[in-house]
Amino acid sequence: MLSIARGSVVWITAKRSGPMTTGRLAGGLFAALVIAGAAMAVAWRPRIAEVDPPSPETFDQALVKHGRDLVAIGNCSTCHTRRGGQDFAGDLPVPTPFGTIYSSNITPDAETGIGRWSEAAFRRSMRSGVDREGRHLYPTFPYDHFTHVSDEDDRALYAYLMTRRPVRAQAHENQLPFPLDRRVTIAGWKLLFLRRAAFEPDPTKSADWNRGAYLVEGLAHCGACHTPRNVLGAERASAQFAGGEADNWNAYAINAQSPAPVPWDADALFAYLRNGWHPNHGVARGPMAQVVSNLSDVPDPDVRAIATFMASVFGPPPPDRKRRGEEVLAQLKSTSAPATQANAAGAAIYAAACATCHETARPLPYGGVNLVLSTALSALDARNAVNIVLAGIRPVEGERSPIMPGFAASMSDAQVAALLDYLRARFSDQPAWTDVEKAVAESRRTQTVFLQTSPPPDNAPGDASQRAKP
């Protein structure tokens with residue numbers, strides 16, 4: 001990464017090994033000036049002039065409605081709304097391996113938001129990750145995906161955000177070490193990893209598939225969570241959708257490497273993304289609960305397109321994978337998974353705290369999922385299962401919604417670890433996890449922060465006609 005402070009001068013000294021000629025000195029200085037000049041040319045971006053905040057009445061209502069759907073697909077409110085804060089007013093702390101970054105205010109407030117941004121300034125932020133003042137934005141704002149969004153969709157996003165209620169709210173300063181606290185360093189990251197390119201449809205695929213690819217690769221930015229990252233925080237292109245991290249949760253692999261006991265298909269993906277649950281895959285939780293909450297408000301064709309494209313990414317399951325999924329579904333017709341005689345402590349906790357919901361015939365989403373279907377129990381590590389046991393599934397205020405109590409206050413780390421070891425042995429065919437108690441202790445710390453800062457998910461409007469309103 002580049003690390004050049006605005007207005008700074010860098011002096012380079014070297015121990016002499018012999019007499020330096022005037023020509024050599026001049027050549028070295030010239031090379032240094034060329035490098036410094038090139039670096040500044042890459043890093044510098046001009047300021048875009050302010051505009052008077054546009055009146056909401058100046059925007060076409062159909063454009064605003066389209067922007068509303070796009071904002072939901074982009075999950076914008078989740079990252080730009082702090083728990084207890086106003087919609088889109090920012091200040092949500094986003095933990096990264098490099099420090100904590102606070103999301104920005106994207107309401108049309110003239111002083112602390114984007115009220116004085118022109119549409120051109122907004123589009124530059126989406127395409128190049130540069131704000132109106134010319135400052136580089138940190139890639140926690142996923143402009144490496146948003147660069148693929150079309151001009152028409154950027155215009156609709158701008159129209160929707162500019163018609164929201166202005167909120168005066170200044171975000172906290174980012175908590176980053178030097179030199180990462182200098183935004184100019186991001187110019188170097190962009191040189192390495194930002195590829196500005198419009199989406200190119202594949203003529204050999206259906207319109208539905210291409211629409212899904214456009215949304216997934218662009219505004220929905222699914223790979224931002226579901227793709228592993230390199231040491232510089234960029235997505236590893238060679239491992240697209242192979243699983244990543246989001247808010248101290250594992251974002252499962254959503255390709256052929258998926259740990260789901262039953263393979264996904266387009267219909268299952270559509271139902272899960274539309275409703276937030278599927279009988280063969282359980283209920284969305286953690287950050288994914290917020291994603292499906294937003295998608296519940298999106299027109300069916302766009303959700304179907306996403307499901308169509310992602311089903312092609314998963315691909316058809318190979319014969320052995322398909323057979324294992326069929327065996328899991330056949331097991332549901334029996335009374336339950338066979339109990340294991342090992343781990344009496346975990347078995348006792350399960351019988352007392354879990355079986356009353358997870359071994360009833362009450363269907364999802366209000367009954368407990370049969371745990372042989374649990375992806376969390378078949379995953380490579382215990383993190384998501386730990387998070388679920390500690391935090392549960394929060395109900396949606398004022399709505400009929402799935403709920404599961406969290407056991408953080410009633411179980412010790414050792415008890416949670418014993419329970420999870422038992423669940424892993426009984427309900428999955430995977431080898432035992434290691435260091436489960438350590439994962440429990442870590443999850444207690446991170447989930448406390450997540451639950452205190454992240455906005456709760458909302459359900460779709462009870463009246464379907466509300467979806468037509470901007």
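The values are calculated or read from the model by the stated rules, or taken from the named source; none is laboratory data. Keep in mind it's a predicted model, so treat the numbers as computed, not measured. Counting neighbours? That spans all protein chains shown, and the Cβs are built from the backbone with ideal geometry, glycine included. Ligands, DNA and RNA are stripped out before the accessible areas are found, and what is left, the full protein with its side chains, is counted by its heavy atoms. Shrake-Rupley method; radii C 1.70, N 1.55, O 1.52, S 1.80 Å.
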Discussion item. Which of the three applies to the range 337-448, rounded, prolate or oblate, going by the alpha-carbon gyration tensor with a ≥ b ≥ c and a/c under 1.5 meaning rounded?
Written reply: oblate
Discussion item. Using the Karplus curve 6.51 cos²θ - 1.76 cosθ + 1.60 with θ = phi - 60°, what ³J(HN,Hα) values do you get for each residue of the range 256-268, in whole Hz, with x for Gly and Pro?
Written reply: 5, 8, 3, x, 4, x, 10, x, 7, 9, 4, 5, 5
Discussion item. If amide hydrogens are placed 1.01 Å from N in the peptide plane, which non-local residues have theirs closer than 5 Å to the one on ALA171?
Written reply: ASN105
Worksheet item: Under 5 Å between amide H atoms, partner at least 5 residues away or on a different chain: which partners does VAL130 have, H built in plane at 1.01 Å?
Response: SER125, LEU137
Discussion item. Could you give each residue of the range 139-151 its phi-based ³J(HN,Hα) in whole Hz, using Karplus coefficients 6.51, -1.76, 1.60 with θ = phi - 60°, and x for Gly or Pro?
Written reply: x, 4, 7, x, 5, 5, 9, 5, 4, 8, 6, 6, 4
Discussion item. Quick check on the range 37-103: take the gyration tensor over C-alpha atoms, sort the square-rooted eigenvalues as a ≥ b ≥ c, and tell me if it's rounded (a/c under 1.5), prolate or oblate.
Written reply: oblate
Fill in: Accessible-area ranking of MET404, MET310, largest first, probe 1.4 Å
MET404, MET310
Discussion item. Could you derive backbone 3J(HN,Hα) for the range 283-295 from the dihedral phi with the Karplus parameters 6.51, -1.76 and 1.60 (θ = phi - 60°), listing whole Hz in sequence and x where the residue is Gly or Pro?
Written reply: 9, 5, 8, x, x, 5, 4, 6, 5, 6, 4, 5, 5
Worksheet item: If we sort 152-158, 406-412 on the protection proxy, mean other Cβ atoms within 10 Å, highest first, what's the order?
Response: 152-158, 406-412
Practice prompt. For ARG400, ARG132, write out the residues from largest to smallest accessible area, computed with a 1.4 angstrom probe and no ligands counted.
Written response: ARG400, ARG132
Worksheet, complete the sentence: Amide H contacts under 5 Å for ALA110, restricted to residues at least 5 apart in sequence or on another chain and with H modeled in the peptide plane, are GLY115
Worksheet item: In what order, largest first, do GLU133, GLU235, GLU50, GLU200 sit by accessible area if the probe radius is 1.4 Å?
Response: GLU200, GLU50, GLU133, GLU235
